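Below is one structure, written out as structure tokens, with a few remarks after it.
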Amino acid sequence: MINKILLSLVFCASFLFADNFTLKSSDLKGQLTKKQEFNGFGCSGENISPQLSWENAPNGTKSFAITVYDPDAPTGSGWWHWIIFNISKDRASIPAGFGNSDSKDAIQSITDYGKSGFGGACPPVGNRAHRYIFTIHALDVESLDLDKNTNAATVGYYINSHTISKASIISYYKR
């Protein structure tokens, strides 16, 4: 009897996650490069945001948001490197360099660097490799009533409260 119940739960869970929402990148591999390293805070990279694409968004998706977070930053609360929201549900990718422009297609809000747009990796010299988590969020609202001056914690709150599903890529970087 217990085996039948467990089998039923596994079967139901497979339908729940059948959408297979996936994030991909032609630029990101296991390690970030100088191309994605920040230019400032003691770092001298190119600070170019990577190309990202996604597929199999779940039913009910009305918009997307993208976040890049470093949980290993020595701040006690991690570091937000990039936050984009109000991406159209009809969009399935963004090109390299998107985070370095003022796009009318989405809103890029304030990162922990204190400015909007992409802020690349910049771990302290000698720290272990930091994880950079690139995440696409499928949202249940067409837009978040926030602007580019909204801080990362507030945008994160709204993104998380409207996320239907999400997919991530993790890359590492050390200086």
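Structure notes:
- Strands (runs of 3 or more DSSP E) contained entirely in the stretch 56-175, each with at least 3 residues that are of a type in the set (S, T, N, Q): 163-173
- Annotation: SER109 fulfils all but one of (1) touching a strand residue (DSSP E or B) at 6+ places or on another chain (Cβ under 9 Å); (2) open to solvent by 40 Å² or more (accessible area, probe 1.4 Å); the unmet one is (2).
- Residue list for the stretch 35-46, filter: open to solvent by 20 Å² or more (accessible area, probe 1.4 Å), touching a helix residue (DSSP H, G or I) at 6+ places or on another chain (Cβ under 9 Å) and in a loop (DSSP other than H, G, I, E, B): GLU46
- Filter pass, SER53 being touching a helix residue (DSSP H, G or I) at 6+ places or on another chain (Cβ under 6 Å), open to solvent by less than 80 Å² (accessible area, probe 1.4 Å) and either of a type in the set (Ser, Thr, Tyr) or not in a strand (DSSP E or B) (or both): no
- All positions within the stretch 74-113 that are at pLDDT below 95, touching a helix residue (DSSP H, G or I) at 6+ places or on another chain (Cβ under 9 Å) and of a type in the set (S, T, N, Q): SER77
- Hits in the stretch 152-169 - residues which are open to solvent by 80 Å² or more (accessible area, probe 1.4 Å) and over 19 Å from ASN59 (Cβ atoms): TYR157, TYR158, ASN160
- Qualifying residues in the stretch 112-149 (those that are of a type in the set (Ser, Thr, Tyr) and closer than 14 Å to ALA65 by Cα) - the one least open to solvent (accessible area, probe 1.4 Å): THR135
- Within the stretch 58-76, the set of residues being in contact with a Lys or Arg (Cβ under 8 Å, 6 or more places away or on another chain) and either within 17 Å of SER161 (Cα to Cα) or surrounded by 23 or more Cβ atoms within 10 Å (Cβ to Cβ) (or both) comprises THR61, LYS62, SER63, PHE64.
The values are calculated or read from the model by the stated rules, or taken from the named source; none is laboratory data. These numbers were taken from a predicted model, which means no experiment stands behind them. Glycine also receives a Cβ, built like all others from the backbone with ideal geometry; neighbour counts cover every protein chain displayed. Just so you know, the surface numbers come from the protein's heavy atoms only, side chains and all, with ligands and any DNA or RNA stripped out. Shrake-Rupley method; radii C 1.70, N 1.55, O 1.52, S 1.80 Å.
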